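Take a look at the structure below.
The values are calculated or read from the model by the stated rules, or taken from the named source; none is laboratory data. Note that the structure is a prediction, hence the values are computed from the model and not measured. Because the Cβ atoms are built from the backbone with ideal geometry, glycine has one as well, and the counts that use them run over all protein chains shown. The protein model used for the area step is the full one, side chains on, heavy atoms only, and it has no ligands, DNA or RNA in it. Shrake-Rupley method; radii C 1.70, N 1.55, O 1.52, S 1.80 Å.
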Amino acid sequence: MPVLNLRSDFAEADSLPEQMAAIGRRARAAARRMALASARTKDGALKSIAERIRASRDEILSENARDVAAARSAGQSAALIDRLTLDPGRLAGMADAVEKVGSLADPVGRQLAAIERPNGLLIERIAVPLGVVGVIFEARPNVTADAGALCLKAGNAAILRAGSDSHRTAMAIARAMSRGLADAGLPEDAIQLVPTRDRAAVGLMLAGLDGCVDVIVPRGGRGLVERVQAEARVPVFAHLDGINHVYVAAAADLDMARTVLLNSKMRRTSVCGAAETLLVDRACAATHLAPLVQALLESGCAVRGDAETRAVDPRVTAASEEDWHTEYLDAIIAVRVVNGIEAAIEHIETYGSHHTDAIITDDDTAATRFLAEVDSAIVTHNASTQFADGGEFGFGAEIGIATGRMHARGPVGVEQLTTFKYRVHGNGQTRP
C-alpha cells in the first residue's frame, strides 16, 4: 500500500525534493484515473473506507493516545489537545461522515450552463475535478478522513500533510483509507499521506511539486495559514482566523439570545466557528447585558468587556484593543455594547475575519440588513455560529472554511472541489 511503501521510498530516495516529487507524480497519475471513475465506483470506495476505519478503531485510537500523550508532555494547550483527541464516538462520527459523502450527488459531470449560438454551436459548461489537492493540517486527525473522502468524491487525488502532533493518528487513518481504495479497485495513490515530519515537505508542496499540485488547503492556526498564503505558488483555499461575532440586537428575545450565545461560544471553544466577541445593542443592554454576561461566567467562560460590561459584574476584566482582534479558541470572550446595528456592522467590519457572524433579533428588517451588509462567508440569523461546518450544511463533511472571494467561500465541500470546462458541439462550423 502506498502509505506503507512511502516509508521505504523515503528511506531509499536521495533527497526530500525527489521523494516529494515522486508523491506528486503518483498523485497526478491517480488523478487522471479518478477523473474517469464512475459515481458508483467512488461511492463504493467511500463505503469501503468507512468500513476500514471502523475495523481499524483499536489501531487508530492507540496511535491517537500516543499523539495525545506526546502533546501533553510537550505542554500543548488544552484547545490543541481537544482538537487532537479522538474517542470511540468521534471516530465513529468520522467514519459516518465518510459514508455520508458517498451518499451525496456526484459533483462531476454536472451541466452548469448550456448556450446555443446563432451559428448552431452548442456550448456546455461541465463540472470537472480540480486535479491534485494538497491539504496541510495541524492537530485535527479527522481532516485525514474528511479531506480524503471529499477529494475522492469530487474525482481528485489528495496529498495530505499532517502536523507533528497528529502524525501517528493520521498515518493510521491513511492506512485504513488506502485499504478501502484497494477494496474498490481505485488507485491507492489517490490519497497519500506525506510520511515525514520534516517541515521542508510543506515548502515543497507550496511550490507545487513540479506542477503536480493544483490547489492547497491549509487547516490550522494563523502561523500555518500565513506561511501558506505567503509562500504558495498555487491557488489557496483558506482563512486566517475565525473572529466570529454574536450581535444581540434591540429586538432580541433574551432566552433565545442566551441559548444561541452559549452554544456559539461554549459548545466547542476550539473550533473555528466558535464565537469570540459578543456585541449587545444599547437599546436592550439594560435588560439583556447582565443576564448574558452572567450566563457566560456561570458556564465557565472568562469575560473581557468594555466599561459598560464591567459595570454589570465585577468578575468581568477590562478588554484591550487587542481583544477585539483575537481568536481565543478557548473559554474567553470579549463583550462590547454598541449603538445600534450600524455600529455593530462597523465593529464586525473593523475587527472581524469574514468567517461567521450572527444576529439575534425578532426584527426581520434588522436581520435582512445584517445579512446583506456583513461581508462574511457565513452570516446567521437566530442561529449559532457553530453551524459553520460542512456537515451541518449538508455537504457530508468539509475540507475547510474559505473566506476569500475566488472560487470557493464558506465550507469547502465536494462541489467546491470541482472546476469546469467548456464542451463545444458543432456540425462543421468555422469562424469567419
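Scanning the range 281-292 finds no residues that are buried (at least 20 other Cβ atoms within 10 Å of the Cβ), of a type in the set (Lys, Arg) and in a helix (DSSP H, G or I).
Residues of the range 237-254 that are open to solvent by 20 Å² or more (accessible area, probe 1.4 Å) and either of a type in the set (Val, Ile, Thr) or closer than 18 Å to Tyr351 by Cα (or both): His239, Leu240. Taken together, Asp362, Asp357 contain a single residue that is in contact with a strand residue (DSSP E or B) (Cβ under 7 Å, 6 or more places away or on another chain), at pLDDT 95 or above and among the charged types (D, E, K, R), which is Asp357. Filtering the range 92-113 to residues that are in contact with a Leu (Cβ under 7 Å, 6 or more places away or on another chain) and either free of Cβ contacts under 8 Å to residues at least 40 places away in the same chain or more than 22 Å from Val271 (Cα to Cα) (or both) leaves Glu99, Gly102.
Residues to consider are Ala397, Ala358, Ala344; find the one that is in contact with a Ser or Thr (Cβ under 6 Å, 6 or more places away or on another chain) and either in contact (Cβ under 8 Å) with a residue 40 or more places away in the chain or assigned to a loop (DSSP other than H, G, I, E, B) (or both).
Answer to the selection: Ala358.
Within the range 219-241, can one find any residue that is over 30 Å from Ala27 (Cα atoms), outside any loop (DSSP other than H, G, I, E, B) and modelled with pLDDT of 90 or more? Checking the range 219-241: not a single residue is over 30 Å from Ala27 (Cα atoms), outside any loop (DSSP other than H, G, I, E, B) and modelled with pLDDT of 90 or more. Scanning the range 67-81 for residues that are touching a residue at least 40 places away in the same chain (Cβ under 8 Å), out of contact with any helix residue (DSSP H, G or I) (no Cβ under 6 Å at 6 or more places or on another chain) and in a helix (DSSP H, G or I) yields Ala70, Ala78, Ala79, Leu80. Kindly check whether there is at least one residue in the range 410-432 that is surrounded by fewer than 22 Cβ atoms within 10 Å (Cβ to Cβ), in a loop (DSSP other than H, G, I, E, B) and of a type in the set (Ser, Thr, Tyr). Yes, the conditions are met somewhere in the range 410-432. I want to confirm something. Restricting to the range 100-145 and keeping residues that are among the polar types (S, T, N, Q) and farther than 22 Å from Gly180 by Cα, which single residue is most open to solvent (accessible area, probe 1.4 Å)? Per the criteria, the residue is Gln111.
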